[in-house]
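Here's the structure, in structure tokens; my notes come after.
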Amino acid sequence: METNHTLYIYNTLSRRKEPFKPLHAPHVGMYVCGPTVYGDPHLGHARPAITFDILFRYLKLLGYKVRYVRNITDVGHLEHDADEGEDKIAKKARLEQLEPMEVAQFYINRYHKAMEALNVLPPSIEPHASGHIIEQIKLVKEILDNGFAYESQGSVYFDVNKYNEHHHYGKLSGRNLQDVLNTTRELDGQNEKRNPADFALWKCAQPEHIMRWPSPWSDGFPGWHCECTAMGRKYLGNHFDIHGGGMDLVFPHHECEIAQSVASQGDDMVHYWMHNNMITINGQKMGKSLGNFITLEQFFTGNHDKLSQAYTPMTIRFFILQAHYRSTVDFSNEALQAAEKGLSRLMDAVKALDRLKPTATSTINVQDIADKCYEAMDDDLNTPIVIATLFDAAKQINTIAAGNGSISDKDLEDLKALFHTFCFDILGLTQEASNNAGREEAFSKAVDLLLGERQKAKTNKDWATCDRIRNELAALGFEIKDGKDGCTWKLNK
Ligand code: ZN
């Protein structure tokens, strides 16, 4: 394998691709915003998990020692820009009479199960927000001490105006404070704030709020943005390499994280901000009100009105990787079926490689294929180009298998290693397709066995048995053709 790589990654903050230079090579610190656990894992969870799984795998392959931190948001909070309202875990716990942590654990388990099915590697550390209240309180104190926050009726708010006098609030999302104010909705609790753009660092809990912790200001809970700043710093230090998440987190979540970092320690913690683009379903945003909200389990079982069949976890993974992580991905049955075929074509090529017989010369340029694959990965993780290159190679493999080309011993070994590295180690695909192939093979053998029995009956002039096997197979959709060398069959379904 080549070792001279310059990985370029697109930094959301600088808005350009930058060569990746870790602060403390060979160590790399990487933080990705993990799931909020008040619902079943869905497609929206799959994309960031798979995107950063590819980065995690590739960095390790390049020889880096990666500490990958992906948090669990289990202290409630509303999903988007609201600091207010009843905690979702608490609400479900109240309605179903469960301990709030029981609700969180239930969904954490389901999330882990789905990630394992998608062959997403577990992170190095998976800290829970609820286990880091002390660190979050410390962060709030620092920001207060530095004069960038104020207390109001038991809550603590970040003073965006004050911050913006010294720093640029909005530098990650490319906004200025006026844009922020223009788009800020009136929310509950606004009367406590000096400025509508101010965000909560600590919220005083209402009496009905179950999830609450003591603090110097009130019994309450930390603002959503605090957990990632506090836990990123705790496990990766004051300055670390990569912070990732979905594009929907750029504002306000990551913008607020930057402000908290600068307000508490004087500078940015993160060197490279990376964001994956969003997912649509038949061209529409996924949403409960649109009737197209599909959980991962529903994809795996096919149990949803919008799905015409079940899709394996590998089909979902492969489909997501066929798009660049900064492009949108539109899910439709047609697109997923195409991905399913593509994946099995690729896995067939892996199997065909094992059957190729080497010769003295090669008609295939393995180094060229390797260069193209690595160049694509080094170019901001361009997995669609990697996949296209592997498809090209698969075509050449088929040509050689058909006797219209050749491959030398060394090239064959290199090509096998290359396919293994890219398909399994980097793209994280698994031989799931070959398990299906195994079943298909057993199925074919069973049909051949029956037709063998029919042939025996024919030889014995037992026409009744002969016809019965034929007719019953025909009723199941098999088309049987008798030829002079025995019979052939295909399934017309
Ligand atoms: Zn976060």
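A compact table of results
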| quantity | calculated |
| --- | --- |
| Over the chain: helical MRE at 222 nm, DSSP H runs n ≥ 4 each giving -39500 (n - 2.57), nearest 500 | -14000 deg cm²/dmol |
| Shape of segment 19-171, Cα gyration tensor, a/c cut at 1.5 | oblate |
| Cα-Cα over 32 Å, subset of 21/341; 91/113; 88/141 | 21/341 |
| Dimensionless Rg ratio for segment 1-42, taking C-alpha atoms and the 2.2 N^0.38 Å reference | 1.70 |
| Distant-in-sequence amide H partners of residue 280 (H built 1.01 Å from N, under 5 Å) | 329, 330, 331 |
| Under-5 Å amide H pairs with residue 28, H placed in peptide plane, nonlocal only | 65, 66, 67 |
| Electrostatic dipole magnitude of the chain [Cβ: Lys, Arg +1; Asp, Glu -1; Cα centre; debye, to 20] | 1460 |
| Segment 352-397: C-alpha gyration tensor shape, a/c 1.5 cut-off, then a/b vs b/c | prolate |
| Reachable lysines from residue 138, criterion Cα separation under 19 angstrom, eight or more residues apart if same chain | 203, 234 |
| Which listed pairs, of 372/416; 17/171; 306/490, have C-alpha distances above 22 Å, in listed order | 306/490 |
| In order through segment 249-257: 3J(HN,Hα) via Karplus (6.51 cos²θ - 1.76 cosθ + 1.60), integer Hz, x for Gly, Pro | 8, 4, 10, x, 3, 6, 4, 5, 4 |
| Rg over Rh [alpha-carbon atoms, Kirkwood Rh] for the chain | 1.08 |
| Among 330-341, 62-73, the order from most to least packed when residues are scored by Cβ within 10 Å on average | 62-73, 330-341 |
| Angle in degrees between helix 43-61 and the longest Cα principal axis of the chain, rounded to the nearest 10 | 80 |
| Summed side-chain charge close to residue 359 - residues other than residue 359 whose Cβ falls under 12 Å, Lys, Arg +1, Asp, Glu -1 | 0 |
| Bins of 5 Å, starting at 0 and running to the largest distance - Cα pair percent for segment 336-493 | 2, 8, 14, 15, 12, 11, 9, 9, 8, 6, 4, 2, 1, 0 |
| Cut-off under 5 Å, modelled amide H: who pairs with residue 246 long-range | 276 |
| Gyration tensor (alpha-carbon) shape descriptor, segment 83-227, a/c threshold 1.5 | prolate |
| For segment 258-359: accessible area per residue (Å², 1.4 Å) | 42 |
| Segment 308-352: translational diffusion in µm²/s, Stokes-Einstein, Kirkwood Rh over Cα pairs, 25 °C, 0.890 mPa s | 222 |
| Whole-number D in µm² s⁻¹ for segment 322-387, Kirkwood Cα-pair radius fed into Stokes-Einstein, 37 °C, 0.692 mPa s | 230 |
| For peptides 460-466, 271-277, sequence by mean Cβ density within 10 Å, most packed first | 271-277, 460-466 |
| C-alpha long axis of helix 409-419 to longest principal axis of the chain, angle in ° | 40 |
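The values are calculated or read from the model by the stated rules, or taken from the named source; none is laboratory data. Keep in mind the model is a prediction, meaning the values are calculated, not measured. Reconstructed Cβ throughout: ideal geometry from the backbone, glycine too, with neighbour counts over all protein chains shown. Just so you know, the surface numbers come from the protein's heavy atoms only, side chains and all, with ligands and any DNA or RNA stripped out. Shrake-Rupley method; radii C 1.70, N 1.55, O 1.52, S 1.80 Å.
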